[in-house]
1. Greater than 24 Å separation of Cα atoms is the criterion. Which listed pairs, K90/K126; K31/K86; K31/K126, meet it?
2. Whenever you get a sec, compute what percent of the accessible area on the chain sits on carbon and sulfur atoms (1.4 Å probe).
3. Taking amide H atoms as placed 1.01 Å from N in the peptide plane, list the residues 5 or more away in sequence, or in a different chain, whose amide H sits under 5 Å from that of T125.
4. Set Lys and Arg Cβ to +1 and Asp and Glu Cβ to -1, take the dipole of the chain about its Cα centre, and tell me which of W101, L133, N55 lies farthest positive.
5. Compute the accessible area per residue over segment 46-151, keeping the other protein chains in place, probe 1.4 Å, unit Å².
6. Amide H neighbours of H134 under 5 Å, counting only residues 5+ apart in sequence or on other chains, H built in-plane at 1.01 Å?
7. Rounded if a/c is under 1.5, else prolate if a/b is larger than b/c, else oblate: which is segment 1-152, with a ≥ b ≥ c the root eigenvalues of its Cα gyration tensor?
8. Just to check I understand the Karplus step: with θ = phi - 60° and J = 6.51 cos²θ - 1.76 cosθ + 1.60, what whole-Hz values come out for segment 115-126, glycine and proline as x?
Amino acid sequence: MQMWCVTDPCLSDPLIEKVHQRVVNITGIPKEHAEYFQIVQYEPGQFYRPHQDQNSKADSLVGVRLSTFFLYLQTPEAGGATYFPKLGVKVQAEAGLALWWPNVRDDLSTDERTEHEAQSVHEGTKLTANLWLHEYDFRTPFTFGCNLDEVGASIQSDEL
Ligand SMILES: O=C(O)CCC(=O)C(=O)O
Ligand SMILES: [Fe+2]
């Protein structure tokens, strides 16, 4: 199950604002450059195949998805790790932890090294949040109703 925190009451929730402000403090990437929090819940047997998060054209209005800020909100009882096969890094899902990784190289080409997968949850529920951080302002064109599919930042392209 997934949902986007793109309308009220979620969007202006003080906790969401506070978490986003912390992301801004850590990354230095302005709030407007972020997509909206995507909340994803995995039940036993659910996973997300290996992929790269960058899906937005470099010459698009919003630019590339520079990096991913990823939060674990609920710890599953078993399984559900995030695995970066090219880096040989596996992070066990644990509520309160956050990961921040780059999706592109300096020349804005996709950085295949940060390909990753959500491994299958075996027991319990895993709850997470993605926040994709763009090169340019994402929120203003989104608010004005620009068709972001056409500019390459399809906010609904991520599937479980
Ligand atoms: O849940 C995870 O461990 C990773 C999820 C992910 O890669 C995504 O939603 O793009
Ligand atoms: Fe991902």
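1. In this structure, K31/K86; K31/K126 lie more than 24 Å apart at Cα.
2. So the carbon and sulfur contribution to the accessible surface is 54 percent.
3. E77
4. W101
5. 49
6. Correct list: A34, E35, L66.
7. Since a/c reaches 1.5 but b/c is at least a/b, the shape of segment 1-152 is classed as oblate.
8. 4, 7, 9, 9, 6, 4, 7, 9, 8, x, 10, 10
The values are calculated or read from the model by the stated rules, or taken from the named source; none is laboratory data. All figures in this text were calculated on a predicted structure; none of them were measured in a lab. Ideal geometry is used to build each Cβ from the backbone, glycine not excepted, and the neighbour counts take in all protein chains shown. Just the protein is used for accessible areas: all its heavy atoms, side chains included, with ligands, DNA and RNA removed. Shrake-Rupley method; radii C 1.70, N 1.55, O 1.52, S 1.80 Å.
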